[in-house]
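Please read the structure below before turning to the comments.
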Amino acid sequence: MDFRWVGLGVSCLMIGVWLVAFGLPIEEKSIVSVASASIVQLAIGYQIGRYIQMLRQMAYHDSLTGVLVNRRFVTRLKQEIDTARRVHSPVTLLFIDLDNFKKYNDRYGHLEGDKLLCSFASMLQSCVRSEDAVGRWGGEEFVVLLPHTDTKRGMAIGERIQKAAREELGGVTVSIGVASFPLHAADAMQLTEKADMLMYEAKKQKDCMLAATN
């Protein structure tokens with residue numbers, strides 16, 4: 001929902017109510033005044049909606065990378081799992097960690113580290129579908145939500161992400177944990193824990209992807 005158009009819609013409704021209550025103006029001077037007031041009202045409604053939209057963007061998205069914040073991502077994950085449970089469809093979750101990110105920061109500085117995080121987030125979004133979701137879990141850890149996707153397909157997307165990171169980000173490597181609902185978890189919390197644990201194990205090897213087997 002774009003609140004800019006909601007603001008315009010509310011303004012149009014208010015103008016309509018005012019005209020119904022007081023009637024259409026007859027005199028030319030009154031018509032000009034009403035038209036001017038209507039334009040001002042529409043502008044105010046649009047700007048209020050724009051401000052609300054901006055606040056929503058800030059609340060839902062990471063200020064550095066622009067992907068979903070942890071809390072909003074979890075809400076989206078729960079919604080997708082509820083839907084998947086009703087329609088008997090799989091949902092796959094990828095937990096992704098940039099290998100040796102601390103060393104990268106120490107070598108190039110935190111500003112370059114932030115640039116890398118932004119570039120990686122943008123690359124992740126280009127590797128997935130519009131209906132998928134990308135989030136920043138914290139630090140250099142990212143998550144990708146893949147509705148209607150089984151483990152095998154999720155691993156293929158993980159391989160695409162690994163390949164893109166090496167080729168587009170100067171040899172950067174990532175470690176990935178992959179788990180799917182309902183095969184490996186009964187709810188969002190279990191799925192998150194499973195994928196996170198697998199990523200932690202993959203990090204020990206670097207440039208590695210591990211998927212749940214049961």
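The values are calculated or read from the model by the stated rules, or taken from the named source; none is laboratory data. The structure presented is a predicted model; accordingly, all values stated were derived computationally and were not measured. Every residue, glycine among them, receives a Cβ derived from its backbone with ideal geometry; neighbour counts consider all protein chains shown. Please note that ligands, DNA and RNA were not included when accessible areas were found on the heavy atoms of the full protein model with its side chains. Shrake-Rupley method; radii C 1.70, N 1.55, O 1.52, S 1.80 Å.
Observations on the model:
- Being more than 24 Å from V74 (Cβ to Cβ) and out of contact with any strand residue (DSSP E or B) (no Cβ under 8 Å at 6 or more places or on another chain) is true of G109.
- Within region 87-108, the set of residues being of a type outside the set (S, T, Y), assigned to a loop (DSSP other than H, G, I, E, B) and farther than 19 Å from I176 by Cβ comprises just one member, H88.
- Odd one out for T149, checked against (1) closer than 25 Å to N214 by Cβ; (2) part of a helix (DSSP H, G or I): (2)
- Cβ-Cβ under 8 Å pairs, at least 6 apart or on other chains, region 160-174 side more than 11 Å from D97 (Cα to Cα) and among the acidic types (D, E), far side in a helix (DSSP H, G or I) and open to solvent by less than 50 Å² (accessible area, probe 1.4 Å): E168/M123
- Subset of region 124-167 that is hydrophobic (A, V, I, L, M, F, W, C) and open to solvent by 50 Å² or more (accessible area, probe 1.4 Å) - its residue that is farthest from D196 (Cα to Cα): M155
- Within the option set L64, L68, L98, being open to solvent by 30 Å² or more (accessible area, probe 1.4 Å), of a type outside the set (D, E), touching a helix residue (DSSP H, G or I) at 6+ places or on another chain (Cβ under 8 Å) and over 21 Å from A185 (Cα atoms) holds for one residue only, L64.
- Being over 22 Å from A84 (Cβ atoms), in a strand (DSSP E or B) and over 20 Å from the mean Cα position of the chain (by Cα) is a condition met by at least one residue of region 195-212.
- Among residues that are at pLDDT below 85, hydrophobic (A, V, I, L, M, F, W, C), assigned to a helix (DSSP H, G or I) and open to solvent by 30 Å² or more (accessible area, probe 1.4 Å), L111 is not included.
Every residue, every condition in (1) among the aromatic types (F, W, Y); (2) more than 17 Å from D62 (Cα to Cα), yes or no:
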{"residue": "F73", "(1), (2)": "yes, no"}
{"residue": "L93", "(1), (2)": "no, yes"}
{"residue": "K102", "(1), (2)": "no, yes"}
{"residue": "G113", "(1), (2)": "no, no"}
{"residue": "T149", "(1), (2)": "no, yes"}
{"residue": "I161", "(1), (2)": "no, yes"}
{"residue": "A164", "(1), (2)": "no, yes"}
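- On the stretch given as region 65-105, residues that are among the aliphatic types (A, V, I, L, M) and without any contact (Cβ under 8 Å) to a residue 60 or more places away in the chain total 1.
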